[in-house]
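Chemist: Dropping the structure in here first, questions after.
What follows is calculated from the coordinates using simple rules that are stated; it is not laboratory data. What you are looking at is a predicted structure, and each value in this text was computed from that prediction instead of being measured. A quick note on method: Cβ atoms are made from the backbone with ideal geometry, for glycine too, and the neighbour counts reach across all protein chains shown.
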Amino acid sequence: MDASHMGQDLEKVLYTEQQIQDRLAELGEQIWKDYEGKDLLLVGVLKGAILVMADLMRTFPGSVPMDWMAISSYGSGTKSSGVVRILMDLREDITNKHVLIVEDIIDSGLTLNWIRSNLLSRGPASLEICTLLRKPDAAKVEIDCKYVGFDIPNEFVVGYGLDFDEKYRNLRDVGTLAPHVYS
Ligand code: XMP
Ligand code: MG
């Protein structure tokens, strides 16, 4: 992969590395307060959420455990269908735990809606969602998301864990792709 062109493939930077860190620090402070004295488990969804998880959890002044699940979403191309299969399940039993799902982006909301009801069926003490990005104009299902980093326009974005064809995940900023990349 030609890393030297990664930044140039962006049409527009939506949020810089610093803006993302600043916002995660605010969310982290809020989350830390909200879960004081509670048995919190962070649940990340692979692969997009790896960087949000890494940076969010490091804003906490104390230890918080994490777990991961991997899913595959049946759909065409970049559109998700909401029909989901678990590729790798959680290792932890979440019964009676306060679960916070950590996500990179909520687009249509279909995937997260499925994950949410799947985890709810396991009897957690509570279940909330934290996402770095959300596209309000793309919502096909209403998702009650307590912690949102940024609401963004309905455009395909990459960087900071988000990929186009497995590329650009390691880009430090979040931005939209230049048309020459995908056309
Ligand atoms: P839904 O539509 O179910 O989408 O909320 C869920 C998953 O689709 C991926 N996704 C994106 N990935 N840029 C990306 O790189 C985007 O703009 C984008 N929108 C959705 C992502 O994995 C998300 O969890
Ligand atoms: Mg994702």
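Chemist: Please report, for the Cα atoms of the chain, the Rg to one decimal and the Dmax as a whole number; what are they, in angstrom?
Modeler: 16.2, 51
Chemist: Work out Dmax and Rg for region 99-183 from the C-alpha atoms and quote the Rg first, both in angstrom.
Modeler: 14.1, 48
Chemist: Moving on to the next point. Compute the long axis of helix 110-120 from its Cα atoms, compare it with the longest principal axis of the Cα atoms of the chain, and write down the angle in degrees, 0 to 90, nearest 10.
Modeler: That works out to roughly 20 degrees.
Chemist: With r defined as the distance between the Cβ atoms of residue 30 and residue 180 and R0 fixed at 41 Å, what FRET efficiency is calculated, to the nearest 0.05? Don't skip to the end; give the middle numbers.
Modeler: Numbers: r = 40 Å, r/R0 = 0.97.
So, using R0 = 41 Å, E works out to roughly 0.55.
Chemist: Quick check: net charge around residue 25, other residues with Cβ under 10 Å of its Cβ, Lys/Arg +1 and Asp/Glu -1? Walk me through the intermediate numbers first.
Modeler: On the way: positive: 23, 58; negative: 22, 26, 29, 55.
With Lys, Arg at +1 and Asp, Glu at -1, the neighbours total -2.
Chemist: Is it possible to state the helix-based mean residue ellipticity at 222 nm for the chain, with each DSSP H run of 4+ residues giving -39500 (n - 2.57), the sum divided by total residues, to the nearest 500 deg cm²/dmol? What is it?
Modeler: Numbers: 4 runs with 41 residues, N = 183.
Computed ellipticity for the chain at 222 nm equals -6500 deg cm²/dmol.
Chemist: So, in nm, how far is label residue 11 from label residue 47 when the simple model puts each one 7 Å beyond its Cα toward the Cβ?
Modeler: Reported label-point gap for residue 11 and residue 47 is 2.5 nm.
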